[in-house]
């Protein structure tokens with residue numbers, strides 16, 4: 001089996017599957033799975049941080065900088081034009097300091113070569 005057979009690609013006809021798969025990896029702390037959704041040159045922009053540029057920087061955010069200990073994203077709606085995806089929903093979880101977290105979010109994604117190459121996250125309250 002070739003290595004490419006194990007790589008997840010984004011099917012333009014299934015943007016909801018992409019978003020739910022992405023958040024499934026994040027919520028399940030499956031960093032290897034998350035990596036498969038990201039283009040090598042991906043950029044992640046979120047409030048409170050300088051942009052994370054490149055897959056290693058994004059994974060480092062999740063491994064060392066993210067203040068969330070555990071949580072769950074509930075996706076309410078996904079829209080796509082094929083090259084771009086938008087979604088919104090809510091997040092509930094627990095911070096590493098033990099505080100409960102609950103907020104609404106929206107994400108937009110740009111797709112390149114079958115992977116996310118830009119992700120922008122927006123929150124309805126101060127950055128988590």
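Structure above, values below:
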{"read-out": "Qualifying residue in the range 40-54 (condition: surrounded by 14 or more Cβ atoms within 10 Å (Cβ to Cβ), in contact with a helix residue (DSSP H, G or I) (Cβ under 7 Å, 6 or more places away or on another chain), in a helix (DSSP H, G or I) and at pLDDT 95 or above)", "value": "no"}
{"read-out": "Residues within the range 76-97 that are touching a residue at least 12 places away in the same chain (Cβ under 8 Å) and surrounded by fewer than 16 Cβ atoms within 10 Å (Cβ to Cβ), tallied", "value": "12"}
{"read-out": "Any chance residue 34 is under 26 Å from residue 14 (Cα atoms), touching a helix residue (DSSP H, G or I) at 6+ places or on another chain (Cβ under 7 Å) and not in a loop (DSSP other than H, G, I, E, B)", "value": "yes"}
{"read-out": "Given (1) in contact with a strand residue (DSSP E or B) (Cβ under 7 Å, 6 or more places away or on another chain); (2) within 19 Å of residue 24 (Cβ to Cβ), index of the condition residue 110 fails", "value": "(2)"}
{"read-out": "Pick from the range 98-108, criterion out of contact with any helix residue (DSSP H, G or I) (no Cβ under 8 Å at 6 or more places or on another chain) and part of a strand (DSSP E or B), ranking: surrounded by the fewest Cβ atoms within 10 Å (Cβ to Cβ)", "value": "100"}
{"read-out": "Residue list for the range 118-128, filter: at pLDDT below 95 and not in a loop (DSSP other than H, G, I, E, B)", "value": "123"}
{"read-out": "Some residue of the range 60-78 being within 20 Å of residue 114 (Cα to Cα), part of a strand (DSSP E or B) and touching a strand residue (DSSP E or B) at 6+ places or on another chain (Cβ under 8 Å)", "value": "yes"}
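The values are calculated or read from the model by the stated rules, or taken from the named source; none is laboratory data. These numbers were taken from a predicted model, which means no experiment stands behind them. Note that we place each Cβ from the backbone using ideal geometry, even for glycine, and neighbour counts take in every protein chain shown.
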